[in-house]
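Enquirer: Shown below is the structure under consideration.
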Amino acid sequence: MSQPYDVAVVGAGPAGSTAAQIVASSNLRALVLDRRSIVGTPVQCGELIPTPSETRRLFPRSKMMPKAVNVPREFITNRTKSIRLISPNGSTFEFPFEANIVDRSRFDRQLAQNAVDAGAEVQLRSTVLKRPGKNELTVRTQNTTHKVTANAIIGADGPRSVVARSMGLRFIHSESDLSPALQYVMSGVDVDPSVVEMYFGEKIAPGGYAWVIPKGDGLANIGFGMRRSVGGDATPLRRYLERFVFVLLAQKIESAKIVRKTGAIIPMGGPLHETWFQNALLVGDAAGHVMASNGGGIPTALCGGRIAGESVVKYLTENESLSSYEQMWRAEFGQELETALRVLRVADVVMPSDVITDICMNLAGVRFLEPLIRCRLPLPVDLASKTFVKLLYQFM
Ligand SMILES: Cc1cc2nc3c(=O)[nH]c(=O)nc-3n(C[C@H](O)[C@H](O)[C@H](O)COP(=O)(O)OP(=O)(O)OC[C@H]3O[C@@H](n4cnc5c(N)ncnc54)[C@H](O)[C@@H]3O)c2cc1C
């Protein structure tokens, strides 16, 4: 068996690569394992990252977030200025929201390269099958299965995290909160390049929404995410997307072509109650670090990755418990993720009916809808929803 690593990071997404870079910068031996052949490919993402100033509004208590989402210019393909919400009957509500649309395959590759430049080792085509012991991972490569040992383990391996499974049942996301998402990348789309659109409706995306994210040069990411646990019939997911694209968006895509199809899972159940145990921690999607009210998880993966890296360094060099990791990410963005989950739980009750969705969106108007997307609740709704969600849990 080879020499143990200080830290083994499972997953070379934004969370894992960022954590590995921090660990390696502290002269610790870091290994990143990813099952993919090329980091960041295939892209399974709308590629929208709020600008640093927008993240200040989204996560006002966070000191690290604006720096974490400061994407180098070369990876930005478009900048959008607003979000337009479209209700089932076609009412629109638009508000300012600044975002960078990034080329995620190149951005993710750069993050992994940063980790390598700092001294980390990245092994691709390496699937972690299990964690048979606290310090041990079983890894399958193209033609072998071998063991990797490390003093600390970072699980940055997405919503179906193998590391999470090894930590116990309480670290596993509930299946009903996992939202499958499908997306086309289309060229020749007739959209306003400065506006991101979010469509709601029981026939469009029950328990979720559909999006049009302009990438620049007539390209757009057009997709949707839904949860069967909330609504919808047995219609195959692909049909939902086809109906959305070819019926609802017919005018916008008259001369458009599908360039790529992609799909993956978004964990919508909010952050796990605990994200560390003994010598292991979870970060990014594996930890449920996703804004449940909009499905975005890149900012929290980048910021959480940094906190994970710093906490593991302190764990190994100063013998500090990994509980500090949990405290730090909660202080940085925990409250907003919890609020976003409350928004989603309320929406779950309203959204299955188009009629009620329309009434609610029209009654709420931009003034109330905007904070919801930004993981915030207007005060009266905040108080009402706290009571409402409490009652809901009592009856569940
Ligand atoms: C269709 C879609 C659209 C989205 N759009 C947006 C958006 O526009 N903006 C936004 O902020 N968020 C978006 N998200 C969410 C965002 O993509 C994630 O929150 C983000 O990628 C999380 O980063 P991560 O590093 O935790 O995980 P990931 O980026 O998923 O990386 C996990 C890595 O772990 C590897 N891995 C998994 N299991 C194993 C294993 N057993 N062994 C080895 N390697 C393993 C995977 O190959 C992968 O490379 C979207 C998600 C989907 C599915």
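Enquirer: In whole Å, what is the distance between the alpha-carbon centres of region 264-300 and region 142-205?
Expert: That distance is 10 Å.
Enquirer: Would you mind checking the tilt of helix 354-373 against the longest principal axis of the Cα atoms of the chain, expressed as 0 to 90 degrees and rounded to 10?
Expert: 60
Enquirer: When Arg367, Arg227, Arg165 are ordered from fewest to most other Cβ atoms inside 10 Å of their Cβ, what list results? Write down the numbers at each step before the final one.
Expert: Values: Arg367 10, Arg227 22, Arg165 15.
Going from sparsest to densest Cβ surroundings: Arg367, Arg165, Arg227.
Enquirer: Checking the a/c ratio against 1.5 first, then a/b against b/c, what shape does the Cα gyration tensor give for region 1-73?
Expert: Details: a/c = 3.25, a/b = 1.59, b/c = 2.04.
Oblate shape, in that a/c is at least 1.5 and b/c is the bigger or equal ratio.
Enquirer: Just to confirm the number: angle between the C-alpha axis of helix 104-117 and the first principal axis of the chain, 0 to 90 degrees, nearest 10?
Expert: Tilt relative to the chain: about 20 degrees.
Enquirer: Only sites in a loop by DSSP and with at most 14 other Cβ atoms within 10 Å count here; which GluC sites (Glu not before Pro) in region 113-216 make the cut?
Expert: Working: sites: Glu121, Glu136, Glu175, Glu197, Glu202; in loops: Glu202.
Sites meeting the loop and neighbour criteria: none at all.
Enquirer: Here is a follow-up. Which angle between 0 and 90 degrees, to the nearest 10, do you get for helix 335-350 versus the longest principal axis of the chain when only C-alpha atoms count?
Expert: Compared with the principal axis, the helix lies near 40 degrees.
Enquirer: Note down the magnitude of the dipole of region 86-130 about its Cα centre, charges +1 on Lys and Arg C-beta and -1 on Asp and Glu C-beta and zero elsewhere, to the nearest 20 debye. Working shown, then result.
Expert: Working: 5 positive and 6 negative charges, 66 e Å.
Dipole size: approximately 320 debye.
Enquirer: Same structure again: Take the alpha carbon atoms of region 225-249, find their center, do the same for region 15-45, and report the distance between the two centers in whole angstrom.
Expert: Centre-to-centre (Cα) distance: 33 Å.
Enquirer: Where the convex hull is taken over the Cα atoms of the chain, what is its projected area averaged over directions, in nm²? Walk me through the numbers before you get to the answer.
Expert: Working: hull surface 75.7 nm².
Convex hull of Cα atoms, orientation-averaged projection: 18.9 nm².
Enquirer: Count the lysine pairs in the chain whose Cα atoms lie under 21 Å apart, taking only pairs 8 or more positions apart in sequence or on different chains.
Expert: 13
Enquirer: Starting from the Cα of Arg165, step 7 Å along the direction of its Cβ; do the same at Thr145; then give the gap between the two resulting points in nm.
Expert: Distance between label points: 1.3 nm.
Enquirer: Could you work out the local net charge near Asp108, counting Lys and Arg as +1, Asp and Glu as -1, over the other residues with Cβ closer than 12 Å to its Cβ? It would help to have the intermediate numbers written out before the result.
Expert: Values: positive: Arg36, Arg104, Arg106, Arg109; negative: Asp34, Glu47, Asp103.
For residues surrounding Asp108, the net value is +1.
Enquirer: So how do Cys375, Cys303 line up by other beta-carbon neighbours within 10 Å, fewest first?
Expert: Values: Cys375 24, Cys303 30.
Lowest to highest Cβ neighbour count: Cys375, Cys303.
Enquirer: Go through Val212, Thr127, Tyr240 and say which Cα lies farthest out towards the positive end of the charge dipole of region 125-240; charges sit on Cβ, +1 for Lys and Arg, -1 for Asp and Glu.
Expert: Most positive-ward Cα: Thr127.
Enquirer: Identify the trypsin sites (Lys or Arg not before Pro) of region 43-81 meeting these criteria: DSSP loop state and at most 15 other C-beta atoms within 10 Å of the C-beta.
Expert: Arg61, Lys63
Enquirer: When the dipole is taken about the Cα centre of region 91-199, and only Lys, Arg (+1) and Asp, Glu (-1) are charged at their Cβ, what size is it in debye, to the nearest 20? All intermediate terms of the calculation are to be shown ahead of the outcome.
Expert: On the way: 12 positive and 13 negative charges, 220 e Å.
So the magnitude is around 1060 debye.
Here, each number is a calculation from the coordinates, and none is a lab measurement. The model shown is predicted, which means the values in this text are computed figures rather than measured ones. Neighbour counts run over all protein chains shown; Cβ positions are idealised from the backbone, glycine included.
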